[in-house]
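Peer 1: Dumping the structure here so I can ask a few things about it.
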Amino acid sequence: MKGGDTRDRILEVAARLFHEQGFEATTVATILRTARVNSGSLYHFFPSKGALLVGVLERYVESLPSAVLEPTEMATGDPIERVFALLEVYRRRLLVSDCTRGSPIGDLALEVGSRDPHARALIEAYFSAWADGVRGWLEAAGARLPADLDRSALARFVLAVMEGAVMQARVAGTLEPFDVSVARLRSHLDLLLERARRERGEAEREGVITGDDSGSSDRLPEKAMPGEHTGWRAW
């Protein structure tokens, strides 16, 4: 096995075990046995278990676009529905694990984020990149959302809903808290979409009242834009 392959194998196994068992509960011996490598190989790449944690977190940050965001974008072309398609990813993780596992970064944030500054910085980098991806979708929605909406703040709110919903579902041992939380997020976005529709209608009427009937292509439509509500799941 080549050096790069060995390092990737160690990171893959460590990431899975940290997610399944937790960082503290996962011993180096378990990682060595599961990855089928000797201690010399592991310590050649990672001089300590803490260094291995940093490597795992760096891997999560680097793979976020290809592993999480891009597949979500391929699942639907509607930028609003991408938000809910992304949340469905975490719902499936809960479902297949009987509500024992959800967000691997969220778990590590709770366990080690307050103790290790380097790990904390990487976790925040991951959360920021995740929220930036959602913000990009919200920006792509354009006039379907209110013009004065703080899309960065809403993206962080979506992140908070996801992490909080996952935590509640794991504690309850059922998907119900997750589904209730996401349904409330759907209702919030529906209200924002409706507000934007009203604003577009008012702008259209104002144009008529002021005699702006030039037919400019920049005028906003009075009707709802395509894809404003496609009924993703029950959300």
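The values are calculated or read from the model by the stated rules, or taken from the named source; none is laboratory data. From a predicted model like this one, the values you see are computed outputs, not experimental measurements. Don't worry about glycine lacking a Cβ; one is built from the backbone with ideal geometry, like all the others, and counts go over all protein chains shown. Protein only, heavy atoms only, side chains kept; ligands, DNA and RNA dropped before computing areas. Shrake-Rupley method; radii C 1.70, N 1.55, O 1.52, S 1.80 Å.
Peer 1: Using the Karplus curve 6.51 cos²θ - 1.76 cosθ + 1.60 with θ = phi - 60°, what ³J(HN,Hα) values do you get for each residue of segment 171-180, in whole Hz, with x for Gly and Pro?
Peer 2: These are the phi-based 3J(HN,Hα) values: 5, 7, x, 8, 6, 4, x, 5, 5, 5 Hz.
Peer 1: Please report Rg over Rh for segment 1-94, where both radii come from the alpha carbon positions and Rh follows the Kirkwood definition.
Peer 2: The Rg/Rh ratio comes out at 1.09.
Peer 1: Lys/Arg Cβ at +1, Asp/Glu Cβ at -1, dipole of the chain taken about the Cα centre: which of Val180, Gly77, Gly106 is farthest positive-ward?
Peer 2: Value: Gly106.
Peer 1: Per residue of segment 158-167, in order, report the coupling 6.51 cos²θ - 1.76 cosθ + 1.60 (Karplus, θ = phi - 60°) as ³J(HN,Hα) in whole Hz, putting x for Gly and Pro.
Peer 2: Those phi angles translate into 4, 4, 5, 4, 4, 5, x, 5, 4, 4 Hz.
Peer 1: Considering the values (i) 44, 18, 14; (ii) 27, 25, 16; (iii) 45, 19, 17, which represents semi-axes √(5λ) of the Cα gyration tensor in Å as calculated for the structure under consideration?
Peer 2: (i)
Peer 1: Could you work out [θ]222 nm for the chain from helices alone, using -39500 (n - 2.57) per DSSP H run of at least four and dividing by all its residues? Round to the nearest 500 deg cm²/dmol.
Peer 2: -23000 deg cm²/dmol
Peer 1: Taking N as the number of residues in segment 24-63, what is its Cα Rg relative to 2.2 N^0.38 Å?
Peer 2: Computed over Cα atoms of segment 24-63, the ratio equals 1.16.
Peer 1: Could you do me a favour and compute the accessible area per residue for the chain, 1.4 Å probe, result in Å²?
Peer 2: 51 Å²
Peer 1: Whenever you get a sec, compute what percent of the accessible area on the chain sits on carbon and sulfur atoms (1.4 Å probe).
Peer 2: With neighbouring chains kept in place, the figure for the chain is 54 percent.
Peer 1: Take Glu124, Glu176 and sort them by solvent-accessible surface of the protein heavy atoms, 1.4 Å probe, largest at the top.
Peer 2: Glu176, Glu124
Peer 1: Charges only on Cβ, +1 for Lys and Arg, -1 for Asp and Glu: so what's the dipole of the chain about the Cα centre, in debye to the nearest 20?
Peer 2: The calculated dipole for the chain is roughly 1000 debye.
Peer 1: Regarding segment 86-129, what is the average projected area of its C-alpha convex hull, in nm²?
Peer 2: Averaged projected area of segment 86-129's Cα convex hull equals 3.2 nm².
Peer 1: Here's a follow-up. May I ask you to list the trypsin sites (Lys or Arg not before Pro) in segment 63-130 that are in a DSSP loop and have at most 11 other Cβ atoms within 10 Å of their Cβ?
Peer 2: Arg115
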